[in-house]
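Below is one structure, written out as structure tokens, with a few remarks after it.
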């Protein structure tokens with residue numbers, strides 16, 4: 001579980017990020033602060049894995065928090081510096097070992113993706129996380145009636161994996177994910193990935209028992225009970241996966 005602290009003087013931003021991060025199965029908000037002094041106290045007491053840090057705050061600004069972390073030689077968490085970044089603050093933040101500066105307001109999906117990328121930077125942690133995620137994707141597809149040995153399903157697993165680990169992609173053109181999946185698989189185009197997956201969905205649906213179809217509709221939240229489209233399968237499985 002990735003332990004996260006948010007330090008920002010804008011309460012609405014803190015509450016929105018807190019809600020979004022707590023939705024993630026592998027993340028937990030362990031503390032929030034609305035000024036730099038309280039934020040630094042929480043860092044010392046709670047030993048977070050990741051700190052989302054604003055700059056302009058009462059009592060002590062973000063750069064001040066970074067200096068205190070450096071000067072008091074406490075264990076440094078991953079710092080994601082979310083602020084109205086100027087060239088000067090950007091340079092100062094990097095000098096104080098910020099891991100990732102982001103312009104405020106930060107896109108929630110990009111922020112969550114960044115947290116995962118830095119926390120799972122360790123090869124061992126990343127491999128454990130990826131294996132568990134792949135296992136859960138396989139389990140969900142199998143329960144829905146997909147033949148896991150099928151080539152199209154192998155492609156589908158890759159698409160879901162990418163969409164889950166990089167959620168910002170799901171809101172862009174879907175072909176972005178398909179092209180990324182094709183790059184991972186190798187020697188295939190994104191359009192061919194889509195065709196192979198959709199052909200498999202069509203074939204599977206033709207022979208699927210009615211009670212399994214009912215299960216799929218419920219799992220993917222398809223209220224009008226139509227044959228699932230590729231993006232519906234991907235989005236639906238992402239919503240139920242737990243890692």
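Some observations on this one:
- Any hit, segment 128-137, residues being surrounded by 12 or more Cβ atoms within 10 Å (Cβ to Cβ), free of Cβ contacts under 8 Å to residues at least 24 places away in the same chain and more than 24 Å from residue 108 (Cα to Cα): yes
- Flag if residue 66 is in a helix (DSSP H, G or I), free of Cβ contacts under 8 Å to residues at least 40 places away in the same chain and under 17 Å from residue 95 (Cα atoms): yes
To keep it simple, each residue is scored yes or no on (1) in contact (Cβ under 8 Å) with a residue 60 or more places away in the chain; (2) not in a helix (DSSP H, G or I).
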site: 140; (1), (2): yes, no
site: 148; (1), (2): no, yes
site: 157; (1), (2): no, no
site: 178; (1), (2): no, no
site: 193; (1), (2): no, no
site: 202; (1), (2): no, no
site: 206; (1), (2): no, no
site: 213; (1), (2): no, no
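- Contacts under 6 angstrom Cβ, first residue in segment 72-83 being in contact (Cβ under 8 Å) with a residue 12 or more places away in the chain, partner assigned to a strand (DSSP E or B) and surrounded by fewer than 21 Cβ atoms within 10 Å (Cβ to Cβ), 6 or more apart: 80/100; 81/101; 82/102
- Here residue 98 qualifies as part of a loop (DSSP other than H, G, I, E, B) and at pLDDT 80 or above.
- Here residue 43 passes the criteria (1) crowded, with 21+ Cβ neighbours inside 10 Å; (2) part of a strand (DSSP E or B) except the one numbered (2).
- Some residue of segment 26-47 being in contact (Cβ under 8 Å) with a residue 40 or more places away in the chain and more than 18 Å from the chain's Cα centre (by Cα): yes
The values are calculated or read from the model by the stated rules, or taken from the named source; none is laboratory data. None of these values were measured; they are calculated from a predicted model. A quick note on method: Cβ atoms are made from the backbone with ideal geometry, for glycine too, and the neighbour counts reach across all protein chains shown.
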